[in-house]
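Every number in this text was worked out from the coordinates using simple rules, so none of it is lab data. These figures come from a predicted structure and were not determined experimentally. Backbone-built Cβ (ideal geometry, glycine too); neighbour counts: all protein chains shown.
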Amino acid sequence: MNRDLGIGAEMFGIGAAVFFVAYAGFEVPSNLILERVGARLWIARVMVTWGLVSGGTAFVTGPVGFLAARFLLGLAEAGFFPGII
């Protein structure tokens, strides 16, 4: 993947950090919304957006798209684990 996207180990690490920042930053707001709208609806939203964003990563063509996809994946996935628990 790194060779196909033209990124190195450093950019891959930045992508991991971008994912973590989005995931950690939106975990609490996501669970506050979960309490408001209900677990069934919100976890369904998480699963659908997680799947769509994961599938969308197949269309990434460069470093900027990679970082955007990682951020959106962290955003979509935020709140899943605490919401399930």
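Assorted remarks:
- Every test in (1) buried (at least 17 other Cβ atoms within 10 Å of the Cβ); (2) in a helix (DSSP H, G or I) is passed by I7 save one, and that test is (2).
- Restricting the first member to segment 27-48 and to residues that are within 15 Å of L73 (Cα to Cα), and the second to residues that are outside any helix (DSSP H, G or I) and not acidic (D, E), the beta-carbon pairs closer than 7 Å and six or more apart or on different chains are E27/A78; E27/G79; S30/A78; S30/G79; V46/G79.
- Among the candidates A22, A16, A44, residue that is surrounded by fewer than 16 Cβ atoms within 10 Å (Cβ to Cβ) and either in contact with a helix residue (DSSP H, G or I) (Cβ under 8 Å, 6 or more places away or on another chain) or closer than 16 Å to A68 by Cα (or both): A16
- Selection from segment 57-72 of residues that are hydroxyl-bearing (S, T, Y) and assigned to a helix (DSSP H, G or I): T57
- One residue from T49, T61 being hydroxyl-bearing (S, T, Y) and within 23 Å of L5 (Cα to Cα): T61
- Any hit, segment 28-45, residues being assigned to a helix (DSSP H, G or I) and closer than 30 Å to G8 by Cα: no
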